[in-house]
Amino acid sequence: MGRSKVSSWIEATRPRTLPVSIAGVLAGCAVANFYRSFHWLPAIICLLFALGAQIVSNFANEYYDFKSGIDSKGREGFRRGVTEGDISPKAMKRATFSLLALTGLIGCSLIYWGGWWLLPVGLLIALFALAYSAGPWPLSRHGLGDVAVIIFFGIVPVMLTAWLQCGSWTLTQPGGDTQMWLTALLIGIATGMMADNVLIVNNYRDMDADRAVGKRTTVVIFGRRTMAIVYALFWVIAAILMMIATDPVLRSWRIANLWIPFGCMAGYFYRKLTQSSGSSLNGVLALTARFMLLSIVYLLITSFFRH
């Protein structure tokens, strides 16, 4: 395998977006740590599972968008190996389902901590990974990609990772009365909104090409201006939810009020988004993903100061 092939496969994983799945698991670990229930082994397995599921979704997106004619050569987004002829469609399809099987096996090991009910949850996650781009009604082509991202890159990984470590939805924080499920849900929604901002930038960049081939993303449906405002609002709302989740009654302003600068970054990101176009939006997308991960790392750090 030549260097170009290796580069093409690495690019197919879309490494600039992988902080999204990492952030979801780290946020769940932060929740568990708030309740003094962090356990490193299930956390690592959750991380591997989340990364595998995202890469499967990225591979499937590349393969099925090529098969349906959604992608074209010379697109402004990140290079698509299948579309550009660097990777054969057969190889990409084989890699997609092989990685799906491996990710499923990794996920099955979590049954030790969570029980057999995790099987249908895992199947639902696998179905989402494929249904985002494949099947008779691909979510990404009917304006449902944003909802799916908030659920499967925010609420699901945060709540699942937290529960697998805590073992209960009704734990309360030391010195507090907020139950774990509520903390996890608030942080999960916030994480999902930040993850969806990555998708918004992607679809903002591709709006013209998507409209031409009949792909109805939310940016195509509502327009760039509206979704740019949504993008900024999601940063603000995510910061507010994080502040509420980390200190529901605002007793510890030393921790809670530090989320305010994160919310104020919305204006900066809005300008970056609206003042960029074409391939320069790839940098905005990468910046969005990195800032999301930075926010969650900060959340994880604050969880140690709650004890």
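Just so you know, all these numbers are worked out from the coordinates, no wet-lab data involved. Everything numeric here is computed off the predicted structure, so don't read it as measured data. Cβ atoms come from the backbone with ideal geometry, glycine included; neighbour counts cover every protein chain shown.
Rounded to the nearest 0.05, what FRET efficiency do residue 6 and residue 170 give with R0 = 45 Å and r taken as the Cβ-Cβ distance? Could you check? FRET efficiency, residue 6 to residue 170: 0.40. Helical content of the chain, expressed as a calculated mean residue ellipticity at 222 nm, amounts to -22500 deg cm²/dmol (DSSP H runs of 4 or more residues, -39,500 (n - 2.57) each, divided by residue number, nearest 500). Among 31, 236, 121, whose mean-square fluctuation peaks in a Gaussian network model of the chain (Cα, cutoff 10 Å)? Top of the fluctuation ranking is 121. When peptides 80-90, 274-284 are sorted by average Cβ neighbour count within 10 Å, with the highest value leading, the order is 80-90, 274-284. Between residue 36 and residue 97, the FRET efficiency estimated from the beta carbon spacing at R0 = 45 angstrom works out to 0.65. Here the contact order of the stretch 18-300, divided by its residue count and restricted to Cα pairs under 8 Å and six or more residues apart, works out to 25 percent.
Assuming 0.36 nm per residue, please report the length gained on full extension of the stretch residue 117 to residue 305 beyond their Cα-Cα distance.
Taking 0.36 nm per residue and subtracting the Cα distance, the gain is 64.3 nm.
With θ taken as phi - 60° and the Karplus curve 6.51 cos²θ - 1.76 cosθ + 1.60 applied, the whole-hertz 3J(HN,Hα) list for the stretch 49-54 is 5, 5, 4, x, 5, 5 Hz, x standing for glycine and proline.
Of the chymotrypsin sites (Phe, Trp or Tyr not before Pro) found in the stretch 84-116, those that fall in a DSSP loop while having at most 16 other beta-carbon atoms within 10 Å are 116. Packing around the peptides 205-212, 50-57, taken as the average count of other Cβ atoms within 10 Å per residue, puts them in this order, highest first: 50-57, 205-212. Looking only at 94, 141, 14, which one moves most when the chain is put into a Gaussian network model with springs between Cα atoms under 10 Å? Fluctuation is largest for 94. The calculated FRET efficiency for residue 221 paired with residue 88, based on their beta-carbon distance and R0 = 30 Å, is about 0.35.
Can you classify the chain as rounded, prolate or oblate using the Cα gyration tensor, where a ≥ b ≥ c are the square roots of its eigenvalues, rounded means a/c under 1.5, and otherwise it's prolate if a/b beats b/c and oblate if not? Here the chain falls in the oblate category. Take residue 274 and residue 124, extend 7 Å from each Cα along the Cα→Cβ direction, and tell me the distance between the two endpoints in nm. My value for the distance between the label points is 3.8 nm. Among the listed pairs 5/215; 215/272; 90/215; 5/272; 67/215, those whose Cα-Cα separation exceeds 22 Å are 5/215; 215/272; 90/215; 5/272. Give the distance, in whole Å, between the Cα centre of the stretch 108-141 and the Cα centre of the stretch 55-71. Result: 18 Å between the Cα centres.
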